[in-house]
Amino acid sequence: MGKKYNSIIIGAGMSGLAAGIRLAQYGKRVLILEKHHVVGGLNSFYNRLGRKFDVGLHAVTNFVRQGIKQSPLNKLFRQLRITRELFDLYEQNVSRILINGQSLCFTNDFTYFEQQVAEQFPQRIDAFQKLIAQIRQAEPYGLPKPFVSARQILREKLRCPRLEDILLMPILFYGSSQEDDIDWYTFTILFHSIFLEGLARPFDGIRHILRTLTNRFKELGGERRMRCAVDRINIRDQKAHGVTLQNGSYMEADHIVSTIGYVETMKLCGNAADAALQPGKLSFCEAIAVLKEEPRDLGWKDTIIFFEERERFRYRQPQDLLDHSAGIICIPNNYNYGLDRKLPEGIIRISQLANATQWKALLANDCKRYARVKREEALALFEKAKGLMQSLYPSSQSSALHLLDIDCFTPSTVERFTGHINGSIYGTPRKIFDGKLPFNNLYLCGTDQGYLGIIGSMMSGITIANRHILPS
């Protein structure tokens, strides 16, 4: 018989670390198991030729300033007993939604975005403001809700396809696991987090937040084991009793929390997933380009650009390796770090929807060709970003860019390092909002619980600990 824990958490991502901290604060004996050699899950980092590359992080959503007690960010700090200074967050400059040449910009001041809507859609501003009033009344992180189409609600309320697409684009790109739509409840959460609150970034990137969380967990006496993949969750009499690792060792627990996804968790239990909750298929490729130049010195002022070159925004698995017509460009240099702080090199991150099946087949059939195609696609993504920035800022010096390094991750990369089937970034299309699985004392948190983004993921872990484990 192995060690006995109050709680075993599978996965050392944001939700797992937050759940572990919350439980350890109350003296619970907690073990976090992680198959990878670094923490973070979908939001992690890696080293390449002496450079550190962030994976996943474009922005920390839900940014608000100190004093707004009901905000998820400040609630997070209170629940984990972490000072906001430890996250070292800096606000975005200005971001842009660009569809077929028409663009609206937004900042962390929502009135600026509202003015943009009023200027470009004067006949729809009343409908837009009524919609915003309805969104403001929605309860974030409340009880489970039945699925309602956000696109259908926007269509009925706004009666303007272009404005509908503008509101949907950042939210689908940053949180939807289903094609061309999202659950209304999740839409309202993400709208709050992106538009009504705001975007920020730690100066040192995601590793700064991960360092803060892991240090806090360690201070509280939590135990973490890396390179410890779970082989199965031991189920008996409809109850989870412990886990068996791939090395054969067994560990017992009163409670088990899985952060790895619904379908992936059910497989560890030896059960087939519900037919209505199959693995997600939407994944991304992302190129990370390192430049000699500071992007602002080239005239590039935007922090994040969500773009679509077609007349209507399409958020679907592409037929080819990538959807080259739509995507996200993030420039980490363009956060408001102040005059005395500046990233050492220019960074551009370009993300586009990818076909996981094709990438997996390419890797399985020819590893060398996979590596070559991956680099070719990374360079193509970089050229796409340069061309788009040149169109937005015709006087910029994009032709003079010096590319120092470029790397790319694909759906196959995501699946390898996180275990998410198909490299699905946002998991299964139907979420388990209450976190309850079909077995007593086994709970789900993270992406498939429906709490999205970095702050949402941490709130997911806190919510599961508060609702299901600490009261027992």
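Brief remarks on what is shown
- In the stretch 31-53, the residues that are in contact (Cβ under 8 Å) with a residue 12 or more places away in the chain and either in contact with a His (Cβ under 6 Å, 6 or more places away or on another chain) or farther than 23 Å from GLY20 by Cα (or both): ARG48, LEU49, ARG51, LYS52, PHE53
- A single entry from PHE284, PHE313 fulfils the requirement of being surrounded by 18 or more Cβ atoms within 10 Å (Cβ to Cβ) and farther than 23 Å from LYS52 by Cβ: PHE313.
- The listed residue being under 24 Å from the mean Cα position of the chain (by Cα), of a type in the set (A, V, I, L, M, F, W, C) and either surrounded by 14 or more Cβ atoms within 10 Å (Cβ to Cβ) or under 28 Å from GLY13 (Cα atoms) (or both), out of LEU404, LEU363, LEU381: LEU381
- The residues of the stretch 11-31 that are more than 19 Å from VAL60 (Cα to Cα) and within 18 Å of the chain's Cα centre (by Cα) amount to a single one, GLY11.
- Restricting attention to the stretch 229-259 and to residues that are touching a residue at least 40 places away in the same chain (Cβ under 8 Å) and among the β-branched types (Val, Ile, Thr), the residue that is surrounded by the most Cβ atoms within 10 Å (Cβ to Cβ) turns out to be THR259.
- Evaluation of SER176 against the conditions (1) under 15 Å from the mean Cα position of the chain (by Cα); (2) in the same structural domain as LEU42 (by TED's automatic domain parsing); (3) not in a helix (DSSP H, G or I) shows that the sole unmet condition is (2).
- Search result, residues across the stretch 427-472 that are small (Gly, Ala, Ser) and at pLDDT 90 or above: GLY427, GLY435, GLY446, GLY456, SER457, SER460, GLY461, ALA465
- Every pair of residues 6+ apart whose Cβ atoms lie under 8 Å, when the first sits in the stretch 160-173 and is closer than 15 Å to ALA326 by Cα while the second is part of a helix (DSSP H, G or I) and of a type in the set (D, E, K, R): LEU168/ARG151
- Unique residue being under 30 Å from GLN116 (Cβ atoms), touching a helix residue (DSSP H, G or I) at 6+ places or on another chain (Cβ under 8 Å), among the charged types (D, E, K, R) and touching a residue at least 40 places away in the same chain (Cβ under 8 Å) when the list is ARG216, ARG201: ARG201
- Checked against (1) closer than 16 Å to SER424 by Cα; (2) outside the structural domain of LEU444 (by TED's automatic domain parsing), VAL263 meets all criteria but (2).
- For the stretch 226-250, filtering for residues that are over 27 Å from the mean Cα position of the chain (by Cα) and part of a loop (DSSP other than H, G, I, E, B) leaves 6.
- Any hit, the stretch 446-459, residues being in contact (Cβ under 8 Å) with a residue 40 or more places away in the chain, in contact with a strand residue (DSSP E or B) (Cβ under 8 Å, 6 or more places away or on another chain) and closer than 30 Å to ASP237 by Cα: yes
- Options GLU139, GLU114, GLU119; residue that is part of a loop (DSSP other than H, G, I, E, B), in the same structural domain as PRO170 (by TED's automatic domain parsing) and of a type in the set (D, E, K, R): GLU139
- The set of residues in the stretch 201-237 being closer than 27 Å to SER249 by Cβ and among the aromatic types (Phe, Trp, Tyr) consists of PHE217 alone.
- Failed criterion for HIS324 (all others in (1) on the phi < 0 side of the Ramachandran plot; (2) at pLDDT 95 or above; (3) surrounded by fewer than 17 Cβ atoms within 10 Å (Cβ to Cβ) hold): (2)
- Only one entry in LYS75, LYS28 is assigned to a loop (DSSP other than H, G, I, E, B) and assigned by TED's automatic domain parsing to the domain that holds GLY222, namely LYS28.
- PHE203 being surrounded by 15 or more Cβ atoms within 10 Å (Cβ to Cβ), modelled with pLDDT of 95 or more and of a type in the set (Phe, Trp, Tyr): no
- Selection of the stretch 1-43 for residues being out of contact with any Ser or Thr (no Cβ under 6 Å at 6 or more places or on another chain), within 30 Å of PHE284 (Cα to Cα) and not aliphatic (A, V, I, L, M) yields GLY20, GLU34, LYS35, HIS36, HIS37, GLY40, ASN43.
- In the stretch 409-456, residue surrounded by the most Cβ atoms within 10 Å (Cβ to Cβ) [restricted to those that are of a type in the set (A, V, I, L, M) and over 20 Å from LEU210 (Cα atoms)]: LEU444
The values are calculated or read from the model by the stated rules, or taken from the named source; none is laboratory data. It should be emphasised that the depicted structure is a prediction, and the values quoted were computed from it without experimental measurement. Neighbour counts run over all protein chains shown; Cβ positions are idealised from the backbone, glycine included.
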